[in-house]
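Take a look at the structure below.
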Amino acid sequence: MAPVLQIEKIESGYGEVQVLWGISLEVEAGKLTTIVGANGAGKTTTLRTAMGSVRPWHGRIFLEGEEVTRLSAHAKAGRGLVLVPEGRQLFPTLSVEENLEMGGYSTRARKRQRANLERVYELFPRLKERRKQRSSTLSGGEQQMLAMGRGLMQEPVVLMIDELSLGLAPVLTQQLFLTLKSLRGQGITIVLVEQNVHLALALSDYTYVLAEGRVTIQGESRQVAQMDEVRRAYLGL
Amino acid sequence: MIDGLLVGSVYGLAAMGLSLIWGVMNVINLTHGAMIALGMFGMYVLFGAITGHPYVLLLPEIGVGLLLGVVVYWVAIHWVIGRPMLMSLLSTFAVNMIIIGIGTAVWTTSPYNVNFNLPGLTVGSYTFTGNHIAAAVAALILALALDLFLRRTRPGKAIRAVSDHREAAELMGISSTTVLSIAFGIGIAMAIASGALVATLFPFTILSGGTYQLKSFVVTVLAGLGKPLGALVAGVLLGLLEGAVTPFMAASWIPLIEFTLFVVVLVAFPRGIFGKVAA
Ligand SMILES: Nc1ncnc2c1ncn2[C@@H]1O[C@H](COP(=O)(O)OP(=O)(O)OP(=O)(O)O)[C@@H](O)[C@H]1O
Ligand SMILES: [Mg+2]
């Protein structure tokens, strides 16, 4: 089957500084793919370049078989490429519910906004309790829930999440992973950048390991978890 | 006093336009005064040509203001967003000079007025000028409409989202440049509408916009950025202040007083007198 998101030899960076040196990823439909790597390896930059927040210098990007390399971030979002960004990036002066409404802004997400709002509130009852509150007054964990909820509101075709577990209680992280698995069951494709390599390898289907802006290891998560260099460098075994 | 209050709501409306643009795109819009002057002459021209009711003529003025604002955004603002503040000061100042230049060529700098009088309203021994009351009501309606638009509607929320976090708004599928151009258009439309209303109150020249631009600055710092309703209230306060001092001193002192206030407020309340709620 053709990959739903395909990144081909992407190079990009900030100003004069090159960060990515020819990254290629193939994300299969209905799979959970993780990207792991040390701090500063370029994981966030990879997602931001895929999204269009950072312009690619070279290389190509395909979404559902169509080339979208030059499209702006909002145009890609309109086609269902969704990024839950690192650092949450909420709208601080908007209320919790207004933040979620913005998730339902695009034409494709708007149609199912009501149902999606129900689903998000079911998933995160705390957000429902605080729905009139400004998002800047939420606790760190609640903000992370809101960032996730806002992403789910977008009717993702591919849902890219940068640091899901950051600031969340372990119980909630587990719960979110289970949610992601059930979403995957509903046909949403998920790309996850995750610091918790144990969890990522255990729950995902496919793993890419990044180092210094390059893919160094890739494969079925089960197999990657067995590799000596991964066990030593990332699992502390 | 009461007249001051009525005129003040028009100041408030003008300041809302300046405050919106400043708050949303961090651009200090120096075309503001020129746009106010355009609004005045727009009212003069339309009133002469169509002999419509001035308050109905506000609607086409607002429409033209929106369009003009979007055009100016693409010509002069789009390129300087996110660059140092000096860039946008220079580019809006240039547009300001162009408009004033063309306006001077067409209308010279001699005074004009819109010859239109509503019957006044007498309460006890005091008569309120009809035009003042109508202008205040119109300004109030527009101000409240803008506030509702920003708080309740989908495009209004998108403007606030872009203002809060532009990159995140893009992630939601919001075209942030389109949103900014519309926000700029709305700001200009507010300036033009307030100019049109002022034209029904006082005589004016193509250079009159400058005074109101200065008042808008005072009101905007009084209210604090990004608080449209605050700007309205602060505008009314400024009008009241003017109304209170004019019986005691010459009108030429007013700018001095206003700018003293401006500096005092900037130093004492950098976030505006309603700044407590700011995040
Ligand atoms: N906005 C930016 N401007 C300039 N350089 C940046 C910017 N963002 C990231 N970088 C640089 O790019 C490199 C890769 O950063 P990136 O954020 O992609 O890493 P990461 O793998 O997500 O790391 P982490 O695990 O710490 O989140 C780093 O060297 C970083 O300093
Ligand atoms: Mg990162």
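Which one of these is in contact (Cβ under 8 Å) with a residue 12 or more places away in the chain and either over 11 Å from B:M16 (Cα atoms) or crowded, with 24+ Cβ neighbours inside 10 Å (or both): B:A199, B:A168?
Result of the check over B:A199, B:A168: B:A199.
Looking at A:L94 and the list (1) surrounded by 22 or more Cβ atoms within 10 Å (Cβ to Cβ); (2) out of contact with any His (no Cβ under 7 Å at 6 or more places or on another chain); (3) modelled with pLDDT of 95 or more, which single condition is not satisfied?
Only one criterion in (1) surrounded by 22 or more Cβ atoms within 10 Å (Cβ to Cβ); (2) out of contact with any His (no Cβ under 7 Å at 6 or more places or on another chain); (3) modelled with pLDDT of 95 or more is unmet by A:L94, namely (1).
Can we say A:R126 is at pLDDT below 95 and either crowded, with 21+ Cβ neighbours inside 10 Å or not assigned by TED's automatic domain parsing to the domain that holds A:D205 (or both)?
So A:R126 fits the description; yes.
Provide a single number: the residues in region A:7-31 that are among the basic types (K, R) and at pLDDT 95 or above.
Residues meeting the conditions: 1.
Are there helices (runs of 4 or more DSSP H) fully within region A:53-110 with at least 3 residues that are within 29 Å of A:Q195 (Cβ to Cβ)? List them.
So the answer is A:73-78, A:96-103.
Exactly one of (1) open to solvent by 70 Å² or more (accessible area, probe 1.4 Å); (2) more than 13 Å from chain B (Cβ to nearest Cβ); (3) more than 27 Å from B:L150 (Cβ to Cβ) is unmet by A:E118. Its number?
For A:E118, the exception is condition (3).
Can you pull out the strands (runs of 3 or more DSSP E) entirely within region A:174-228 that have at least 2 residues that are open to solvent by 80 Å² or more (accessible area, probe 1.4 Å)?
The qualifying strands (runs of 3 or more DSSP E) are A:214-220.
Quick one: which residue in A:V36, A:V84 is open to solvent by less than 10 Å² (accessible area, probe 1.4 Å), more than 14 Å from chain B (Cβ to nearest Cβ) and within 14 Å of ligand 2 (Cβ to nearest atom)?
On the way: A:V84 fails: more than 14 Å from chain B (Cβ to nearest Cβ).
Within the list A:V36, A:V84, the selection yields A:V36.
Please enumerate the residues belonging to region B:206-226 that are farther than 15 Å from B:I254 by Cβ and open to solvent by 30 Å² or more (accessible area, probe 1.4 Å).
Within region B:206-226, B:L207, B:L225, B:G226 meet the criteria.
Within the bounds of region A:39-47, is there any residue that is more than 13 Å from ligand 2 (Cβ to nearest atom) and either of a type in the set (V, I, T) or more than 9 Å from chain B (Cβ to nearest Cβ) (or both)?
No, there is no match, as no residue in region A:39-47 is more than 13 Å from ligand 2 (Cβ to nearest atom) and either of a type in the set (V, I, T) or more than 9 Å from chain B (Cβ to nearest Cβ) (or both).
I'm trying to understand the selection: among the residues of region B:102-128, which are over 26 Å from B:G4 (Cα atoms) and surrounded by 13 or more Cβ atoms within 10 Å (Cβ to Cβ)?
Within region B:102-128, B:I102, B:G103, B:T104, B:W107 qualify.
The values are calculated or read from the model by the stated rules, or taken from the named source; none is laboratory data. What you are looking at is a predicted structure, and each value in this text was computed from that prediction instead of being measured. All Cβ positions, even for glycine, are placed from backbone atoms using ideal geometry, and neighbour counts span all protein chains on display. Calculation scope for accessible area: heavy atoms of the full protein, side chains included, ligands and nucleic acids excluded. Shrake-Rupley method; radii C 1.70, N 1.55, O 1.52, S 1.80 Å.
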